[in-house]
């Protein structure tokens with residue numbers, strides 16, 4: 001190959017290599033700027049609020065969950081009547097899980113701060129309430 005062609009070929013190769021390096025640098029810069037903007041955006045939004053844990057979480061056999069901070073007199077209204085097999089009780093309260101609607105019938109009491117299978121109450125819970133707020 002003549003010297004002029006080798007020289008031109010070397011220049012093109014160098015330019016392509018430089019182009020790759022500039023592209024990589026541009027991507028890194030954009031990524032850094034975007035990350036900085038995201039950090040600034042999060043900082044200006046104020047302190048991050050902690051994820052709140054619901055007082056009660058029920059789970060059915062498929063793993064679907066229903067969570068609430070309030071008692072529920074009729075779980076059929078939220079599509080969870082006679083479906084719960086597991087209950088988690090949080091935030092320092094004990095809860096009662098009834099086999100009848102409107103806090104009637106037999107119940108199992110869970111908590112405070114416990115999680116367990118519902119045993120003989122599996123697929124039978126129709127209502128629940130915090131012990132301090134259950135009707136007498």
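Things to note:
- Within the stretch 81-109, tally of residues that are free of Cβ contacts under 8 Å to residues at least 24 places away in the same chain and part of a loop (DSSP other than H, G, I, E, B): 4
- Reported count of residues in the stretch 90-101, each being within 23 Å of the chain's Cα centre (by Cα) and at pLDDT 95 or above, is 0.
- Members of the stretch 112-136 found to be in a helix (DSSP H, G or I) and more than 16 Å from residue 68 (Cβ to Cβ), listed by number: 119, 120, 121
- Which numbered condition residue 63 fails, given (1) exposed (fewer than 11 other Cβ atoms within 10 Å of the Cβ); (2) within 22 Å of residue 105 (Cβ to Cβ): (2)
- The stretch 102-122 - residue that is surrounded by 14 or more Cβ atoms within 10 Å (Cβ to Cβ) and closer than 15 Å to residue 58 by Cβ and, of those, modelled with the lowest pLDDT: 111
- In the stretch 110-126, the residues that are outside the structural domain of residue 93 (by TED's automatic domain parsing) form no Cβ pair under 9 Å with any partner that is modelled with pLDDT under 95, whether six or more places apart or across chains.
The values are calculated or read from the model by the stated rules, or taken from the named source; none is laboratory data. Bear in mind the structure is a predicted one, so any value in this text is a computation, not a measurement. Reconstructed Cβ throughout: ideal geometry from the backbone, glycine too, with neighbour counts over all protein chains shown.
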